[in-house]
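Please read through the structure below; I'll follow up with questions.
The values are calculated or read from the model by the stated rules, or taken from the named source; none is laboratory data. Quick caveat, the model's predicted, so the values are computed rather than measured. Here Cβ is always computed from backbone atoms with ideal geometry, including for glycine, and neighbour counts include all displayed protein chains. Calculation scope for accessible area: heavy atoms of the full protein, side chains included, ligands and nucleic acids excluded. Shrake-Rupley method; radii C 1.70, N 1.55, O 1.52, S 1.80 Å.
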Amino acid sequence: MSVQLWTHCRVATLAADAPTPYGLIEDAALVVEGDTLAWVGPRVELPAAWRARCTTEQDAGGALITPGLIDCHTHLVYGGNRAHEFELRLQGASYEEIARAGGGIASTVKATRAASAAELEASAARRVRALMAEGVTTVEIKSGYGLTLERERKCLQVARGLGQAHAVDVRTTFLGVHAVPPEYAGNTDAYVEVVLQMLPVLHAEGLVDAVDGFCERIAFSPAQIERVFAAARGLGLPVKLHAEQLSNSGGAQLAARYQALSCDHLEWLSEDGARSMAAAGTVAVLLPGAFYFLRETRLPPIALLRQHAVPMAVSTDSNPGSSPCTSLLLMLNMACTLFRLTPEEALAG
Ligand code: DI6
Ligand code: FE
């Protein structure tokens, strides 16, 4: 097996107990055995036994090496685009108004339903490759633009296929409760029943790593989300939630009661919500892209998250409506400029 020694690099280990910011090692060495990182540390401390086993030596050209980046919240499998809505918003329409008028997520549902699996795969592959070019090694991909069993399955299969076709780890999330599809307009509870039927089928097919929901007055109520969460946990699946993005509906407390992996967006998070997340170990996923593209003015309560030691993550929310973006590095930048995270918090996130 090949054993490679990499030198002439700085390494940000981000180790929690490191004595330096970023866990930075200035003159570092890495040993890569097969596809495993076998040793990392200051070059002068490389054990002679490891040095002797190295079959090749690589010059990293003075690069800064970080852990692989994780984009933990994307909706990157979809058809069409929403450029027209961007223009409408610039003319003064809000995201919520456009959604209520039948645009928004519903318009992407229409375009996604009309697209073939091959078309969805081709457009999503471009987005995945853009993320990978910036160092992303793990990407979470949600469904939620199909909203029938067959179409949600198609999108989740495309997502799984992207992980097989690219050198990236893909985690899939079933987001059946994303929007009420047109055929159930005015009958949200009946649609929730349909989602409850889809979940065990898609899970049995190995297509679901986690379950998400959109808890908002233009989407699903806490009571409706809770039904889906109870079913997910009953199947042993972890949950996460789009919570407190446009209003405070207590989604964070609900998610925490179901030991959610994360609550995402959180511009309207309350102190009680932050406390619940801290107690449950739920991560706060910050999405500066959506904040920026929707021209929001209310910031997520970063000080509150720090005060209660809620772990923070940063993600693209890559989607055609509220965050048409495939640059996680830009999101790290915006997490600092817009949300005032420190660069170290942003990179760790
Ligand atoms: N919140 C979001 O950020 C995305 N979904 C959601 O529930 C946006 C999806 C879209 O506008 O297409
Ligand atoms: Fe989202």
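Determine which single condition T297 fails, assuming it passes every other condition in (1) farther than 12 Å from H265 by Cα; (2) in contact with a Phe, Trp or Tyr (Cβ under 8 Å, 6 or more places away or on another chain); (3) more than 12 Å from ligand 1 (Cβ to nearest atom).
Status for T297: all satisfied but (2).
Pairs only if they're at least six apart or on different chains, beta carbon under 8 angstrom, first in the range 210-229 and among the charged types (D, E, K, R), second more than 14 Å from ligand 2 (Cβ to nearest atom) and open to solvent by less than 30 Å² (accessible area, probe 1.4 Å); list them, first residue then second.
Cβ pairs passing all conditions: D212/V239; E216/S247; R217/S247; E226/L254; R227/V192.
Let me confirm something: among E216, E150, which residue is out of contact with any Leu (no Cβ under 8 Å at 6 or more places or on another chain) and acidic (D, E)?
Of the residues listed, the single one that is out of contact with any Leu (no Cβ under 8 Å at 6 or more places or on another chain) and acidic (D, E) is E150.
Got a number for residues in the range 309-337 being open to solvent by 10 Å² or more (accessible area, probe 1.4 Å), touching an Asp or Glu at 6+ places or on another chain (Cβ under 8 Å) and under 12 Å from G349 (Cα atoms)?
2
Select from the range 261-280 the residues that are more than 16 Å from ligand 2 (Cβ to nearest atom) and within 21 Å of A346 (Cβ to Cβ) and list them in ascending order.
Those that are more than 16 Å from ligand 2 (Cβ to nearest atom) and within 21 Å of A346 (Cβ to Cβ): A274, M277, A278.
The rows are residues; the columns are (1) touching a Cys at 6+ places or on another chain (Cβ under 6 Å); (2) at negative phi; (3) polar (S, T, N, Q).
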residue	(1), (2), (3)
V211	no, yes, no
C215	no, yes, no
A230	no, yes, no
G236	no, no, no
H242	no, yes, no
G251	yes, yes, no
C263	no, yes, no
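Turning to a different aspect of this structure: Step by step: first the residues of the range 282-309, then only those that are among the small types (G, A, S) and in contact (Cβ under 8 Å) with a residue 24 or more places away in the chain, then the one that is nearest to ligand 2 (Cβ to nearest atom). Which residue is that?
A290
Quick check on my filter: what residues within the range 237-256 are buried (at least 24 other Cβ atoms within 10 Å of the Cβ), within 14 Å of ligand 2 (Cβ to nearest atom) and not in a helix (DSSP H, G or I)?
Selection gives K240, L241, H242, A243, E244, Q245.
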